[in-house]
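To keep things clear, I will list the structure first and then write my remarks on it.
The values are calculated or read from the model by the stated rules, or taken from the named source; none is laboratory data. Keep in mind the model is a prediction, meaning the values are calculated, not measured. Virtual Cβ from ideal backbone geometry, glycine too; neighbours counted across all protein chains shown. For the accessible areas, the whole protein counts, side chains as well, though only heavy atoms, and no ligand, DNA or RNA atoms are used. Shrake-Rupley method; radii C 1.70, N 1.55, O 1.52, S 1.80 Å.
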Amino acid sequence: MDYDATDIAVAYDRGRDHGPEVLNLWMNVVSSHVKDQCIKTIIDLGCGTGRFSEALAIRFNAEVVGLDPSNKMLEQARRKRRDPRIRYELGRGEGIPLPNNSVDLIFMSMVFHHFNNPTLAAREVRRVLRDGGTVFLRAGTRERISSYPYVDFFPESRAILEECLSSSASIREVFEAAGFRTVAVDIVIQEIAPNYEAYAEKLSAGADSVLVRLSRSDFEAGMDALRTHAARMDSQAVFEPIDVFVFAANPPLQGITR
């Protein structure tokens, strides 16, 4: 997905910001996995509009480097930046513009399926991460497709998701082959809207990289179906499962340098 070839950046926060409670949920989950680890420098890899960057800087009292390949997304992130510990730079997972062994934590949210070369990206992540450092990855996986709340309303999205998402096992294999140890694999359920009417409003923003690949007619049919459902389920909150992977950077084998 070339975000600079779309208008997603302008509407991204409207469609993907789930409020301070969800943001705090994720900071608590990250904190539970790094515990007493000294965190001085964090990469928010694939930071988009920076919706996690400030929370990471505040929670860990750390410098945060937000990297994204989209100038449009970075423009939105810089526009709302308030914390001087955060800087945003153009970059992608396959070529991280930072030196070796310079980072303590790498946070990635829903970016694995955007890597052109996941193997190279995992190697780059290992290169810049200090020994014992942590990777925290939020991801969509093939195993969870049927649980995503919009799939039943946009049935054509299923084939796109099956094409672009990896299995949980393959994500682990990529990082373990790059020199990581799997610390945790979990599922976190987040509330993404207080009701289906609010959920329909979020999706109408056009900020989802899967739904923007649908034809106009398929998207409109899905929105009609969702709004019809919302009229019947006005008080039911909408939840979404997110796969969580936590990896630790193993020390290199003796005699082998990176």
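Find all pairs meeting these conditions: Cβ atoms under 7 angstrom apart; at least six residues apart or on different chains; first residue within region 130-149 and in a helix (DSSP H, G or I); second residue basic (Lys, Arg).
Going by the 7 Å Cβ cut-off, the qualifying pairs are ILE145/ARG158.
On the given criteria, is LYS80 touching a Phe, Trp or Tyr at 6+ places or on another chain (Cβ under 8 Å), of a type outside the set (Asp, Glu), over 23 Å from ARG142 (Cα atoms) and touching a residue at least 24 places away in the same chain (Cβ under 8 Å)? Steps first, answer last, please.
Details: touching a Phe, Trp or Tyr at 6+ places or on another chain (Cβ under 8 Å): no; of a type outside the set (Asp, Glu): yes; over 23 Å from ARG142 (Cα atoms): yes; touching a residue at least 24 places away in the same chain (Cβ under 8 Å): yes.
Criteria not met by LYS80.
Being open to solvent by 30 Å² or more (accessible area, probe 1.4 Å), part of a helix (DSSP H, G or I) and either in contact with a His (Cβ under 6 Å, 6 or more places away or on another chain) or over 26 Å from ARG130 (Cβ atoms) (or both) narrows it down to one residue among GLU197, GLU191, GLU173, GLU240; which is it? I'd like the intermediate steps shown before the answer.
Details: GLU191 fails: part of a helix (DSSP H, G or I); GLU173 fails: either in contact with a His (Cβ under 6 Å, 6 or more places away or on another chain) or over 26 Å from ARG130 (Cβ atoms) (or both); GLU240 fails: part of a helix (DSSP H, G or I).
Of the residues listed, the single one that is open to solvent by 30 Å² or more (accessible area, probe 1.4 Å), part of a helix (DSSP H, G or I) and either in contact with a His (Cβ under 6 Å, 6 or more places away or on another chain) or over 26 Å from ARG130 (Cβ atoms) (or both) is GLU197.
Is there a residue in region 136-152 that is among the hydrophobic types (A, V, I, L, M, F, W, C), modelled with pLDDT of 95 or more, closer than 17 Å to ASP243 by Cα and out of contact with any helix residue (DSSP H, G or I) (no Cβ under 6 Å at 6 or more places or on another chain)?
Within region 136-152, one or more residues are among the hydrophobic types (A, V, I, L, M, F, W, C), modelled with pLDDT of 95 or more, closer than 17 Å to ASP243 by Cα and out of contact with any helix residue (DSSP H, G or I) (no Cβ under 6 Å at 6 or more places or on another chain).
Which of the residues belonging to region 150-163 are assigned to a helix (DSSP H, G or I) and open to solvent by 30 Å² or more (accessible area, probe 1.4 Å)? Quick ask: steps written out before the conclusion?
Taking region 150-163 first, the residues assigned to a helix (DSSP H, G or I) are 157-163.
ARG158, ALA159, GLU162, GLU163 - these are the residues of region 150-163 that are assigned to a helix (DSSP H, G or I) and open to solvent by 30 Å² or more (accessible area, probe 1.4 Å).
Here's the yes/no breakdown for (1) over 20 Å from LEU98 (Cα atoms); (2) assigned to a helix (DSSP H, G or I); (3) open to solvent by less than 50 Å² (accessible area, probe 1.4 Å):
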site	(1), (2), (3)
CYS47	no, no, yes
LYS72	yes, yes, no
ALA77	no, yes, yes
ARG82	yes, no, no
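Yes or no: ILE8 in contact (Cβ under 8 Å) with a residue 60 or more places away in the chain and either open to solvent by less than 10 Å² (accessible area, probe 1.4 Å) or over 25 Å from VAL128 (Cα atoms) (or both)? If you could, list the steps in order and put the result at the bottom.
Working: in contact (Cβ under 8 Å) with a residue 60 or more places away in the chain: yes; either open to solvent by less than 10 Å² (accessible area, probe 1.4 Å) or over 25 Å from VAL128 (Cα atoms) (or both): yes.
It is true that ILE8 is in contact (Cβ under 8 Å) with a residue 60 or more places away in the chain and either open to solvent by less than 10 Å² (accessible area, probe 1.4 Å) or over 25 Å from VAL128 (Cα atoms) (or both).
Is it the case that region 178-187 has a residue that's in contact (Cβ under 8 Å) with a residue 40 or more places away in the chain, loosely packed, with under 15 Cβ neighbours inside 10 Å and assigned to a helix (DSSP H, G or I)?
no
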